Amino acid sequence: MILDMKNVSKVFGRFCPKCLEETGANVNSSICPSCKSVVGVNNVNLTLSQGEVLGIVGESGSGKSTLLQLIYQDQKASLGDIFVKDFVDKEGNRKNILDANLNELSYLRNSLMSMIYQNPRLGLNYKFSAGGNIAEKVIMSGNKKYDEIRKRALYFLEKTEIPVSRIDDYPEYFSGGQQQRIQISKALSSNPKILLLDEPTTGLDLSVQAKILDLIKELQHEIGFAMIVVSHDLGVIKHLTDITVVMKNGQIVERGLTDQVLEDPQHSYTQLLVSSIL
Ligand SMILES: [Zn+2]
């Protein structure tokens, strides 16, 4: 097991005793009737095994991106336990990442996990060159040897089909698709165990999307990291993932093999989602 989430919730605003009980898929609402807080994620349990590729689908507001942010600690969960392989205390016991101090947080975000955002501005530093972005990530993960950093930057730029002659160019001088490729290079350069992707190809031209999805798939096969892909686009989920969970009002309503979920959905909400009525 590489990721284990237990009873994880995220409430935006005041957290009253009714927030979790009176929201969710069954009542078709994410707003607490008592205190009016928005419940982004409601009591989610999720596991990910080594090398597994998991998709999360759902409408906007279903909590799928929030869930990803809780794993990467872009946002702090209100309640629950999140365990990540190799994140342990001094005695070697697994430790809830919600209790991480700043050093540990840096280790989590720079060594164990990486995130690829829909908007490359969130994943790349525009004041650094393409190579500088990769170097930043490698250095943050603990490797400070100049030769190795340079070698790794060249390796991943080549892997993601960015001309290595452009290593010193700044992100803004690359196309949208190339900026995503640089984000992928940067994310993988620290050898993360888990790669998180939030709508990685949304907003790109279809032909560019297809190439980037193929690239992600190839790299995952080759390197073998585990991956969680959040997308509203079922085509992306079908292309990339083995297992899919469906979220509604902050809760998981269905999970299964991706082909099964998309071809023979059991939950009425998934049926609507798949038939694109939503
Ligand atoms: Zn409440």
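The values are calculated or read from the model by the stated rules, or taken from the named source; none is laboratory data. Treat the numbers as computed from the prediction; the structure is a model and nothing was measured. Every residue, glycine as well, gets a Cβ built from its backbone with ideal geometry; the counts of neighbours run over all protein chains shown. Calculation scope for accessible area: heavy atoms of the full protein, side chains included, ligands and nucleic acids excluded. Shrake-Rupley method; radii C 1.70, N 1.55, O 1.52, S 1.80 Å.
Show the residue pairs that are 6+ apart or on different chains and have beta-carbon atoms under 7 Å apart, the first residue being within the stretch 68-80 and without any contact (Cβ under 8 Å) to a residue 40 or more places away in the chain and closer than 15 Å to N96 by Cβ, the second being in a helix (DSSP H, G or I) and open to solvent by less than 20 Å² (accessible area, probe 1.4 Å). Final answer for the pair search is Q73/I97; Q73/L108. Pairs linking a residue in the stretch 37-52 that is free of Cβ contacts under 8 Å to residues at least 60 places away in the same chain to a residue that is crowded, with 22+ Cβ neighbours inside 10 Å, with Cβ atoms under 6 Å and 6 or more positions apart or on different chains, are S37/V11; S37/C19; V38/S30. I'd like to verify a number: residues in the stretch 30-60 that are among the hydrophobic types (A, V, I, L, M, F, W, C), open to solvent by less than 10 Å² (accessible area, probe 1.4 Å) and assigned to a strand (DSSP E or B), how many? Residues that pass the stated criteria total 9. Restricting I139, I134 to those that are surrounded by 14 or more Cβ atoms within 10 Å (Cβ to Cβ), assigned by TED's automatic domain parsing to the domain that holds R181 and without any contact (Cβ under 8 Å) to a residue 12 or more places away in the chain reduces the list to I139. If the condition is being touching a residue at least 40 places away in the same chain (Cβ under 8 Å) and in a helix (DSSP H, G or I), then the stretch 143-167 contributes only K159.
Taken over the stretch 70-87, the criterion of being closer than 28 Å to T202 by Cβ and either within 16 Å of the ligand (Cβ to nearest atom) or crowded, with 21+ Cβ neighbours inside 10 Å (or both) is satisfied by L70, I71, A77, S78, I82, V84. Based on what the data block shows, is V27 part of a loop (DSSP other than H, G, I, E, B), within 16 Å of the ligand (Cβ to nearest atom) and either of a type in the set (D, E) or at pLDDT 95 or above (or both)? Considered against the rule, which asks whether it is part of a loop (DSSP other than H, G, I, E, B), within 16 Å of the ligand (Cβ to nearest atom) and either of a type in the set (D, E) or at pLDDT 95 or above (or both), V27 comes out as yes. Taking the listed residues E22, E104, the one that is part of a helix (DSSP H, G or I) and over 28 Å from L262 (Cβ atoms) is E104, with no other qualifying.
If I filter the stretch 1-26 down to residues being over 22 Å from the mean Cα position of the chain (by Cα) and aliphatic (A, V, I, L, M), which single residue comes out as most open to solvent (accessible area, probe 1.4 Å)? Checking each candidate, the answer is L20. Would you check if Y170 is open to solvent by 20 Å² or more (accessible area, probe 1.4 Å) and in contact (Cβ under 8 Å) with a residue 12 or more places away in the chain? So Y170 fits the description; yes.
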